[in-house]
Structures are given as C-alpha cells and as structure tokens.
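Participant: Okay, here's the structure, questions in a sec.
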Amino acid sequence: MNGLKSEMNVTPFEVTGVDDYNKLVTDFGCTPMTSAVLDRFEKLTGHNVPLGYRNFVISHRDFDKFLDSIENHEPVYLYTGRGPSSDRMHLGHLVPFRFCQFLQSALSVPVVIQLTDDEKFIFKEDLTLDRIGEMVIENIKDIIACGFDPTMTFIFTNTGFIGNMYPMVLKIEKLVNLRQILNTFGFSVDGTSIGKIAFPAMQAAPAFAETFATTLFKSSNINEIRKIRCLIPCAIDQDPYFRVCRDIASRLKHHKPAVIHTKFLPSLEGTQTKMSSSKPESCIFLGDSNKQIRKKINKAFSGGQELLDDHRKYGGDPNKDVAYSLLTFFSDTNTCAHASASFKNGTMSCGEMKSLAADTVTRSVSEFCNQRAALTDRTIERFTHNRK
Ligand code: TYM
C-alpha cells in the first residue's frame, strides 16, 4: 500500500499530512494499542510502562500473541534498526530505540539491531559506501548510548553480516513477487533500480530467527529456532516491510513477526510530518549543543496565537505545538497535564512552553551525551562482534 487515500501520506520514504493517527492505524490495518494490553505487559513483567512510551505507542500487530509467548516462557527476541543517513541520529530516533531498550530491560531478552548501510547507498543518490561507513560508526555509538545490554544485543550492518543473512534473504526473495513489492512500497517499474526492489528482503530477514541460527540462537534443531518469536518496535512508517514478512511467515515455517508501532516525534517545522535526517532543518540532532537545541526549539512551529494578547485571550492548541509534543515524550505526567491545560487557556505563553521543552530536552540530551562519551572501543566491540 502506498500511502493513504487522504492527503496523509506515510511510507518508509516520506511522511506528510499526519493529522489523524486513528485513521492511519485503521488504514494500515493495524490493531490500536489499548491501556488493557499495556497493563497486561506490566502485570506480566512487573515493569511500569513510562508515560512517554504510553503516549507514543499507538498500535501493534500480534503484540498480544507475543505476550502469550512471554506468559508461557517461550523464547522471544526483539528486532529494530536504523538507516544510517546522517552522522548523528536525531531526537525522533530515541522514540523506538529507547522503547526497545525499555522492553529489553523489562523482558531480559536478546535484541538484534540492523544498520541498513545498503539501503542508504541504494536510495540516496549522493551517498558513497565510504561516507555511509563513517555514519555507521557514529550511529552505533548513539544506539549503544540508549542503554542496551551488551551481553544480549547484537548490532550489525547489512554489508558486514550479509554472509550470514544471505540464505534467509534468498528464501524471502523466492517467495515475494515483483507486484507485491511494487504495490507495498509504491514503486513504479520505470526508474526503480533493482537494488530498491531487492532491498525489502534485507530488512525482512532479521524478523525470522533462522537468520541467526548459526550465530545468536544455537540449537541443533532448526524447528526449535523457527519457533522463537520476534517483536519489532519501530515507528509506523516501517510497517510495510513487516507486512511483507507476515505474508510469507507461514511458508517459511515461522510465526508471523509481531510489530509494535510508535508515532512520530514531529518536525520542528510542524506536527504533521516527522523529524527526519533527510531534512536537517526539521531536526534536533543528538550531537547538538544546549545552545543550538534552545535556538532550534525557540524557532519551532507553535500552536499558540501570534500576538501575546490574543494568546492570553484565546489560548493555544497544544496538539499543534512542536514544543509540547517534545514534552509528551521527554517529560512526566504532571508536567504534561499542567502545560497542556495552561497553554489551552492562555496562561502559559508560547515562549514559556518553548522554554520548558528546551529545559527538558537539553537535560535529556546532556545525559545521553555523557553516556555516549563514556563508550570505549571495547564496549563497541562487545555489541558488534559476530557471535559464534
Ligand atoms: P530510520 O533510520 O529512518 O529510522 C530508525 C527508526 O526510527 C524511527 N523514526 C522515528 N520515530 C519517531 N519519530 C521520528 N521522527 C522518527 N524518524 C524515524 C523509524 O521508524 C525507525 O524505527 N529502514 C529503516 C532501518 C531499519 C529498521 C529495521 C527500522 C532496518 N531494520 C527494523 C525498524 C525496525 C530506516 O531507515 O529507519
């Protein structure tokens, strides 16, 4: 499915006009996330789901079946990834990566993290493999700084791990036809390189445990390995890849991978599109200084009135306010509730909302940067070495 019938357009390659997540979830055919399902997760694991994640997790596919596996003490793993297209990741990437880290710490399970250097080479006209290689190194550090457990996390690039993945990639390529890929990703025959057509099998492979049969998951019985259930935390733009996986899972003798979707941290330019490294002006990067972050948030799109007098009189719309959106991920329940109410009734000005968001985000990014600065080559090696 390429985008949606309305002006809302959500694909792995473009996100515009996102003004109704309920509609998006329905149009994609996903299951809306409910408090009851998250409460079940809490009961099973004894870990509360923090507010930021509750605000951002919007839907899933088979997360309830994944929880059944947890309840029955069956083996599971988590899979997520990043397409390295900028030297540093941005705030939006923290949403699925921190959520994935939270799931790992609550469940004590392996995580595999794919860096799609091949994808960025194929899809970005002006990027060379050497340049992407430099980005990979910096992105790996950003990912590790999210707090993953080195004993249970494997980070790999597609060009590096292809030898291990290729048998699974081939099995997928044999089952998926051209029409499926054209329809799912909205590609046209003309002007689409064969690299673009083939790439989805690369992102699909890690969703099947068999990909790691000779590395992470050791068992002489392949049928045991095939039963290991996968859960993929990602923002909802990545869902098309996993629809393809789910369509062919039974023919590969695997469970359908489960997916848990987050919404987007918005662009600084407005709440209807996502923060995206391909538009640097939309982003706060994880390497930005406190001063740069404050400056960017000050310039961000506001949901308040242009004139202060009007704002005091009519109030603003927090849902259209980028600074408020940042708070909903990085701040706590009371701060968000207070900010939302007082922005709506005009007692909190646009400047005050921005200043609150800037304080919160700079604090969080500073903590993140301290963790990143403490990483050694030895730590990075622990995450990236190929387990045999
Ligand atoms: P990439 O690098 O575009 O994004 C990495 C992850 O971050 C999510 N994301 C966002 N989440 C919230 N707010 C935003 N503004 C925002 N921008 C991006 C993405 O949905 C993704 O979860 N092809 C993938 C890499 C990949 C992958 C995967 C992602 C390979 N295997 C498995 C998820 C799961 C990509 O280019 O992601």
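Participant: Return yes or no: is SER340 hydroxyl-bearing (Ser, Thr, Tyr), touching a strand residue (DSSP E or B) at 6+ places or on another chain (Cβ under 8 Å) and not in a loop (DSSP other than H, G, I, E, B)?
Facilitator: Working: hydroxyl-bearing (Ser, Thr, Tyr): yes; touching a strand residue (DSSP E or B) at 6+ places or on another chain (Cβ under 8 Å): no; not in a loop (DSSP other than H, G, I, E, B): yes.
So SER340 fails the test.
Participant: State which residue pairs qualify: first residue surrounded by 15 or more Cβ atoms within 10 Å (Cβ to Cβ) and inside segment 296-307, second residue assigned to a loop (DSSP other than H, G, I, E, B) and of a type in the set (Gly, Ala, Ser) in any location, beta carbons under 6 Å apart, and separation of 6 or more residues or different chains.
Facilitator: These pairs meet every condition: GLY303/GLY316; GLY304/GLY316.
Participant: Still on this structure: Given (1) at pLDDT 95 or above; (2) in a helix (DSSP H, G or I), where does GLU281 come up short, assuming only one miss?
Facilitator: Going through (1) at pLDDT 95 or above; (2) in a helix (DSSP H, G or I) one by one, GLU281 breaks only (1).
Participant: Here is a follow-up. Which of the helices (runs of 4 or more DSSP H) found entirely inside segment 164-250 contain at least 3 residues meeting this: of a type in the set (A, V, I, L, M)?
Facilitator: Details: elements: 178-185, 194-204, 222-226, 239-248.
In segment 164-250, the matching helices (runs of 4 or more DSSP H) lie at 178-185, 194-204.
Participant: Could you check how many residues of segment 90-110 are within 12 Å of the ligand (Cβ to nearest atom), in contact with a Phe, Trp or Tyr (Cβ under 6 Å, 6 or more places away or on another chain) and of a type in the set (A, V, I, L, M, F, W, C)?
Facilitator: Number of matching residues: 2.
Participant: Here's another thing I want to ask about it. Within segment 289-328, can you find the residues that are more than 11 Å from LYS354 (Cα to Cα), of a type in the set (S, T, N, Q) and under 26 Å from the mean Cα position of the chain (by Cα)?
Facilitator: Of everything in segment 289-328, those that are more than 11 Å from LYS354 (Cα to Cα), of a type in the set (S, T, N, Q) and under 26 Å from the mean Cα position of the chain (by Cα) turn out to be SER289, ASN290, GLN292, ASN319, THR328.
Participant: Another one. Restricting segment 64-87 to residues that are crowded, with 18+ Cβ neighbours inside 10 Å and within 25 Å of GLY287 (Cβ to Cβ), which is farthest from the ligand (Cβ to nearest atom)?
Facilitator: The selected residue is SER86.
Participant: List pairs: first residue in segment 226-249 and farther than 21 Å from TYR53 by Cα and modelled with pLDDT under 95, second residue within 13 Å of the ligand (Cβ to nearest atom) and part of a helix (DSSP H, G or I) anywhere in the structure, Cβ distance under 7 angstrom, at least six positions apart or on different chains.
Facilitator: Close Cβ pairs (under 7 Å, with a partner that is within 13 Å of the ligand (Cβ to nearest atom) and part of a helix (DSSP H, G or I)) do not exist here.
Participant: Continuing with the same structure: Cβ contacts < 9 Å: first residue at positive phi, restricted to segment 172-200; second residue assigned to a loop (DSSP other than H, G, I, E, B), any location; separation 6+ or different chain. Result?
Facilitator: Sorted first by the residue in segment 172-200, then by its partner, the pairs are GLY186/MET1; GLY186/ASN2; GLY186/GLY3; GLY186/THR11; GLY186/PHE13.
The values are calculated or read from the model by the stated rules, or taken from the named source; none is laboratory data. Values in this document were obtained by computation on a predicted structure and should not be read as measured data. For neighbour counting, all protein chains shown are included, and Cβ atoms are generated from backbone atoms with ideal geometry for every residue, glycine included.
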